[in-house]
């Protein structure tokens, strides 16, 4: 799973999958919805406001999931 995909899952589920400098992926993802930088305290409200769009991105990830390697 890529960091961008982790950002989508985090935004949709609320479970933190990123930390430290990797949080930039979540901030950038959410910034795309509002057209400006996102502040930490805004994350829950933005995720709720754009829940349907985030859900669609999440479902695309699920639909495009690849098989796990057997090796």
Residue-normalised 222 nm signal for the chain, counting each DSSP H run of n ≥ 4 as -39,500 (n - 2.57), nearest 500 deg cm²/dmol, is -17500 deg cm²/dmol
At 0.890 mPa s and 25 °C, Stokes diffusion of region 3-63 via Kirkwood alpha-carbon radius, µm² per second:
216
Nitroxide proxy distance, nm - points 7 Å out along Cα→Cβ at residue 2 and residue 15:
2.1
Which whole-number percent gives the relative contact order of the chain, counting Cα pairs below 8 Å spaced six or more residues apart?
30
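Read-outs throughout are calculated quantities, based only on the coordinates presented, and are distinct from any laboratory measurement. Just so it is clear, the model here is predicted, and its values are computed rather than measured. Please note: Cβ atoms are built from the backbone with ideal geometry, for glycine as well, and neighbour counts cover all protein chains shown.
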